[in-house]
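The values are calculated or read from the model by the stated rules, or taken from the named source; none is laboratory data. Just so it is clear, the structure is predicted and the values come from calculations on it, not from any experiment. Cβ placement follows ideal geometry from the backbone for every residue including glycine, while neighbour counts extend to all protein chains displayed. Keep in mind that these areas ignore ligands, DNA and RNA; they rest on the heavy atoms of the full protein, side chains included. Shrake-Rupley method; radii C 1.70, N 1.55, O 1.52, S 1.80 Å.
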Amino acid sequence: MTEKTTTVFNSTQINNPRFRDSSSKIIFADNILSSQFLRDYADMEILRKIQPEDIEDVSERYVPLYSTERNSDTVKRVDISKYLPQQDVRPLKLPLYIISLVEHKTQVEYNVVMQLLRYMVHIWEDYEKEMEKMHPGISKRKEFQYPPILPIVYYEGTDRWTASTDLADKIFCGKLLDKYLPHFRYQLVTLHDYSNEELLAKGDEISLAMLINKIQTFEDLSAFTGLPEKQLESILKDTPEYLLGTLTDILRALLYHMNLPENEVEGAVAKIKERKMGLLFENAKLDILEERRKVEVERQKAEEARQEAAAAQQEAAAAQREVAAAQLNQAISVHILRMVRQGASDEEIAKSVMRHFSLDKKQAAEKLAYVFGDSMAKE
């Protein structure tokens, strides 16, 4: 996997997506965080009251698709039976649930809609086989239906997401088939579409985890440290101990991703266990002004270098124009003198110069004057 290196704080950051993938897997492997995510960010009213006990993680059953494990993808079976109106109860009394398929991305991927469709077909086929084992022949009955699947792409990248969310857009000449195409769409949840204040206002652990995952640069860290301490710490007031451990794992993955020293990493994650989110980066605060000064110095150096390069390019271009002008004048002079030796008239010479060098009448007269003097041009 390709790694990109950039400078973060006083160290080198390795932008390897697998670090982000591991962080995402930690988040969505937890049913409390997953239920909060579905309540806060999924675009479905039926999920607004979903609780952790309604969720079963079935990722191990579906994620190893085509013998390739996708470490950051999560599949949840969400029991909605107690939230559905009585008239919507299924006639065959089969399980009532929604499959939540969350695919995590750190950069734009233009074939994600097809990846999700493969997942969904795989899940439906597996469901059919499971129901057939329990009730032979059930899939052939008119009343048989497949469970709904909510496909979500959770995108942490900073570039704008430009991939289509509709499968039909990936079909060549799709408009010719129109209604005969599957218009399958997925929900896009873009982390950076939410401000820190919007996430903080949710007041739950999933939004705190998302706040942590937004930290990808020094400026992001500075913005995090500016959030109200009391509001941050109130989120962890009633958080179970095990979930504190999950949040420390998320932060640990982030800070090691930034290649920070182990003692600084462990010092920061300890603040979560102490429920002191407001002091999470208290040591980093001391370095903010110094780091900003360094960033500004480097920016000024880069700008000066850019201006010097631009000036050098302009000087080189001017020199090239001077050389080209001298070469053109020389070529015109040789052409004029050759025609004089051949006995051509001034009018013939002027027309020839205009034709060969794409000059107008005035420019041709100036070139004649340049070679023979003003008197010839006036005549």
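Points worth noting:
- Each other residue within a Cβ distance under 15 Å of residue 239 adds +1 if Lys or Arg and -1 if Asp or Glu, for a net charge of -2.
- Atom-type composition of the exposed protein surface of the range 98-245 places 52 percent of the accessible area on carbon and sulfur (1.4 angstrom probe).
- Excluding ligands, DNA and RNA, the accessible surface per residue across the range 180-263 is 45 Å² with a 1.4 Å probe.
- Distance between the 7 Å Cα→Cβ label points at residue 172 and residue 351: 5.8 nm.
- Neighbour net charge for residue 161 - beta-carbon separation under 13 angstrom, K R +1, D E -1: -3
- Residue 181/residue 130 FRET efficiency (R0 30 Å; Cβ-Cβ; nearest 0.05): 0.55
- Computed E for residue 298/residue 159 - FRET, C-beta separation, R0 22 angstrom, nearest 0.05: 0.45
- Relative packing of peptides 301-308, 44-51 - highest average C-beta neighbours within 10 Å first: 44-51, 301-308
- With the cut-off at under 19 Å, measuring from each backbone N in the range 187-230 to a point 7 Å along the Cα-to-Cβ line of residue 108 picks out 187-194.
- Modelled this way, with points 7 Å down the Cα-to-C-beta line, the labels at residue 223 and residue 311 are 3.6 nm from one another.
- Fully extending the segment from residue 146 to residue 326, taken as 0.36 nm per residue of separation minus the present Cα-Cα distance, adds 56.8 nm.
- Ranked order, 193, 57 - accessible area, probe 1.4 Å, largest first: 193, 57
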